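Please read the structure below before turning to the comments.
Quick note: the coordinates plus some simple rules give every number you see, no bench work behind them. Computed from a predicted model, the values in this text were never measured in an experiment. Because the Cβ atoms are built from the backbone with ideal geometry, glycine has one as well, and the counts that use them run over all protein chains shown.
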Amino acid sequence: MVLAELGGRISRAIQHMSNATIIDEKVLNECLNEITRALLSSDVQFQLVRDMQKNIKAIVNLEDLAAGHNKRRIIQQAIFNELCKMLDPGKPAFTPKKGKPSIIMFVGLQGSGKTTTCTKYAYYHQKKGWKPALVCADTFRAGAFDQLKQNATKAKIPFYGSYTESDPVKIAVEGVETFKKENCDLIIVDTSGRHKQEAALFEEMRQVSEATKPDLVIFVMDSSIGQAAFDQAQAFKQSVPVGAVIVTKMDGHAKGGGALSAVAATKSPVIFIGTGEHMDEFEVFDVKPFVSRLLGMGDWTGFMDKIHEVVPVDQQPELLQKLSEGNFTLRIMYEQFQNILKMGPIGQVFSMLPGFSAELMPKGREKESQAKIKRYMTMMDSMTNEELDSTNPKLMNESRIMRIARGSGRQVREVMEMLEEYKRLAKIWSKMKGLKIPTRGDMNMR
Ligand code: GDP
């Protein structure tokens, strides 16, 4: 993934620097230049990168580096802090209050994912007990109302719009009034998407904003727009009082750096990210994990801390090696199950991994999970070494499955369930392949 590539480049630059016998200004500059190039190619705006480079140079004390302190940590920490600072505009976005009507206006370029995001935002809050409603003030794009209507109906969210009225201001005001009367507490106004150059459409957006007086204007930005992010975000901010940013399509090949530029241009925080086309592919944005990921440290910090804490020291290097190879065999699963059972509070280590926590070991059902793991292990006891060490998913054919079931006194169905579990975990595990796994010295970045 592109974000991981950026992290890899930055890590290599730091590694390269820390390998140098003497760290002088020249070596530090080389390292920072490489990091600058990496960030630029990840679509972070030039000015921002330059400022960051200046700040890091001001923070990093060459004498400390020379004195043999952990150089990687010092530099990484400085970069981490700078990136977090870039993503934090210093003031939080307006937070709507449940039970009190708030008007949220969405703006953004056509195709940015604005209409989809309006529904996602409504759906997210609806699940948390809000009463959201959607108003389609996009009279510019044919089919906009139908799209919103379709999404809203699917999510069972009330909506307002018109096929005949061409004045978006009128529709927006009527929609807001209607839903205020219906005691909706989150009235979401979708506006027409536009391009920066379209002055008339920008004027329309301004009028909708003036007429509806939104509590919050959210700028929706496609993460793949690249270096154009800063200018576009700024153009919107100049027309309407943007107070928050949502970055969409983070599931694609986006470089993610545009998010930093949008924050800088609008002086508003990113509040959510879109990670897919579906309604629930929507995540609250959290600065620190995002930056960790950007630096290739992934959401590993907590996970790695746990490994160091609970996996026996002599087993750590091997486990880390296996993690970075990304090949998840049944034997690895068996060994991790053993660790989990030995370690007492179940799920300590692997609860840090998405797949292990939610499905295999749901909270509050530890006893059942433990029994399930033991059952799985009994079945694996009936496996051959070849089966345990294989990375070929096709190896487990029908006759092998039947033999394992017979040998362990379990049903074929149960063996298949265990193998499904294995496949699910293997898929998650494979995502870690090639990732640089930080060692203990690189931790403490949060
Ligand atoms: P609008 O013109 O800004 O209202 O954009 P739409 O809401 O119509 O979205 C444009 C396209 O982007 C649609 O095909 C959406 O399904 C897609 N889309 C929106 N958000 C995301 C996202 O987070 N990830 C992915 N992969 N696609 C998205």
Proximal aspartates and glutamates relative to LYS170, as straight alpha-carbon distance under 19 Å, when same-chain residues fewer than 8 apart are discounted:
ASP138, ASP146, GLU182, ASP190, GLU203, GLU204, GLU210, ASP215
As a test, work out the antiparallel percent of DSSP beta bridges whose residues both lie in the range 102-294, rounded to the nearest 5.
10
Among the listed pairs LYS128/LYS249; LYS288/LYS423; LYS131/LYS180; LYS288/LYS322, which are separated by more than 20 Å between their Cα atoms?
LYS128/LYS249; LYS288/LYS423; LYS288/LYS322
Quick check on my link table: of LYS100/LYS154; LYS120/LYS394; LYS91/LYS181; LYS213/LYS237, which ones sit more than 27 Å apart, alpha carbon to alpha carbon?
LYS120/LYS394; LYS91/LYS181
Under 5 Å between amide hydrogens, which residues at least 5 positions from GLY108 or on another chain qualify, with H placed 1.01 Å from N in the peptide plane?
ARG194, VAL220
Between the DSSP loop rule and a limit of at most 10 other Cβ atoms within 10 Å, which trypsin sites (Lys or Arg not before Pro) in the range 77-172 are left?
LYS128, LYS156
What list do you get for ILE74, ILE157 if you sort them by fewest beta carbons within 10 Å?
ILE74, ILE157
Using Cα pairs under 8 angstrom and six or more residues apart, how large is the relative contact order of the range 102-294, in percent?
25
7 Å from Cα along Cα→Cβ at both THR153 and ALA211: what's the point-to-point distance in nm?
2.6
Cross-link candidates for LYS57: which aspartates and glutamates have Cα within less than 15 Å, leaving aside residues fewer than 8 places away along the same chain?
ASP24, GLU25, GLU30, GLU34, GLU82
Output wanted: per-residue J couplings in Hz (rounded whole) for the range 200-213, from phi through Karplus 6.51 cos²θ - 1.76 cosθ + 1.60, θ = phi - 60°, x for Gly and Pro.
5, 6, 5, 5, 4, 4, 4, 5, 4, 5, 5, 6, 9, 6
Rounded to the nearest 0.05, what FRET efficiency is calculated for VAL313 and ALA200 with R0 set to 41 Å and r the Cβ-Cβ distance?
0.05
Under a cut-off of 17 Å between alpha-carbon atoms, report the aspartates and glutamates in cross-link reach of LYS367, not counting same-chain residues fewer than 8 places apart.
GLU359
